[in-house]
Amino acid sequence: MKSLVTVLGARPQFIKAGVVSDALRAGGVLREVLVHTGQHHDANMSDVFFAELGLAKPAHTLGIHGGRHGEMTGRMLEAIERVLLAERPAAVLVYGDTNSTLAGALAAVKLHIPVAHVEAGLRSFNRRMPEEINRVMTDHLSDVLFCPTDTAIANLKNEGITQGVYLTGDVMLDAVLSYRPVAEKRSRVLKQLDLRSKEYVLLTVHRAENTDSNERIEEIVDLLMRLQQPVVFPIHPRTRHKLASTRSLRGLAKLLFEAKHMRVIDPVSYLDMLALEDNARLVMTDSGGVQKEAYFLGVPCLTLREETEWVETLEGGWNRLVGADPKRTVPIVNSLWNNNGMRPVGRPNLAAFGGGKSAAFMVQKLMKEVR
Ligand code: UDP
């Protein structure tokens, strides 16, 4: 059987890969070899997803994390090249927009191994985002480009990429549709946190643009301190780390963590996250995945950024770009919370994201394309 090397490293990639791995196993034509770069390595950022999503144990664990972007990507490139030379796969599959994605694609293409990119064609048009650089580069290195939306196809066309491009829908919708009922049954997180459905805001923040500069993270803390609603905040290690990095930020973090309306908790498992999203009255996030999941679940979302790659979620006001300015954002939170005229209209358009059949479609194409 031909083999396919999948390069993974970060939380959202484990979630996307779960459903594709299942479909690859069902297809029975390609043997998947998992390479875990180590970019996310804590038990609650990595292991928990392998267990919950039934991912196979990685055949290669590279243990590369931390350091600057160039350093991390360079070390991954070197290590992945060694793995590819040993495995000699028929193709390499990469996901999304992390350093692991770019390193996997670059290592493969230099060895003349075809690259397939899941979540191709997304653009924020903000080159200051490390993710934007990673996704543009990866798309230009890829032979097979799996686009989740029409917008992604159009973005690639604008950059002259039309060969090997498929509109597949979004595997994250597949995951939400298959795991939502499981989360409903199995997750105990609401009980554990003593939360009632639709009586809290769910928050995540971790993008570099929100956590790299002291001013920006201070602005976000200021915004959060001004909210009057109960907020549940599974904090990303990067954000926790940043908030511990200077004396003044540590002081602010203490105020935030001890504020009566805030519940700052460690990152949660995927099933617990789905349960928290599904039962939130409102989601506030800068995460790509969480924006989409809120949309798929029909929960209004405020995105703490100036742009989004997932423009479809903005339709009907399901998602709104609010940045981080408290003056602008607090009234919007109050209005949405109280259902005061800002209620989203219509229903989320799941068909625009492939309706939950993306993984099977991708695997069909892979089985055809990979020779
Ligand atoms: N997620 C999770 N536990 C958490 C926070 C997020 O399982 O505590 C999941 C979330 O449901 C989504 C994915 O992680 O599927 C999003 O990943 P992240 O926000 O790290 O990255 P992004 O999507 O912005 O690339």
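A short reminder: the numbers here are calculations on the coordinates, not readings from a lab. Computed from a prediction, not measured in an experiment: that's the story for all the values here. FYI the Cβ positions are ideal-geometry reconstructions off the backbone, even for glycines, and counts take in every protein chain you see.
Taking the chain as a Gaussian network, where each spring joins two C-alpha atoms under 10 Å apart, which residue of ASP278, ASP139, ASP266 fluctuates the most? With Cα springs under 10 Å in the chain, the top fluctuation among ASP278, ASP139, ASP266 is at ASP266. Here region 133-199 and region 317-371 have alpha carbon centers that stand 10 Å from each other.
Placing dummy labels 7 Å off each Cα toward the beta-carbon, the span from ILE265 to THR246 is 3.2 nm. A rounded overall shape is assigned to region 1-138, the ratio a/c of its alpha-carbon gyration tensor axes (a ≥ b ≥ c) being less than 1.5.
With only Cα atoms counted, region 136-246 has Rg and Dmax values of 19.7, 52 Å. Considering only GLU309, GLU119, GLU131, the mean-square fluctuation computed in a Gaussian network model of the chain, springs between alpha carbons under 10 angstrom, is largest for GLU309. The modelled label-to-label distance between LYS368 and ARG196, using points 7 Å beyond Cα along the C-beta direction, is 5.3 nm. Working out 0.36 nm times the residue gap between ALA59 and ALA43, then minus their Cα-Cα distance, what length gain in nm do you get to one decimal? Contour length minus Cα-Cα distance gives 4.0 nm.
Counted over region 257-351 with a bin width of 5 Å, the fraction of Cα pairs per bin, in whole percents, is 3, 13, 23, 25, 22, 11, 3, 1, 0.
Restricting region 173-263 to GluC sites (Glu not before Pro) that sit in a DSSP loop and have at most 16 other Cβ atoms within 10 Å of their own Cβ leaves GLU199. The slack in the chain from ARG238 to LEU314, taken as 0.36 nm per residue of separation less the alpha-carbon distance, amounts to 24.7 nm.
Scaling the Cα radius of gyration of region 57-171 by the globular reference 2.2 N^0.38 Å produces a ratio of 1.04. Result for the chain in a Gaussian network model with C-alpha springs under 10 Å: among SER335, SER21, SER358, the largest mean-square fluctuation is at SER335. Inter-part distance, region 266-296 to region 224-247, computed on C-alpha centroids, equals 16 Å.
Taking 0.36 nm per residue of sequence separation and removing the Cα-Cα distance, the SER213/LYS327 pair yields an extension gain of 39.1 nm.
Above 18 Å, the calculated P(r) of region 207-263 contains 25 percent of its Cα-Cα pairs.
If you wrap a convex hull around the alpha carbons of region 193-335, what volume per residue comes out, as a whole number of Å³?
Looking at region 193-335, the number lands at 101 Å³ per residue.
When the inverse distances between all different Cα atoms of the chain are averaged and flipped, the Kirkwood radius reads 21.0 angstrom.
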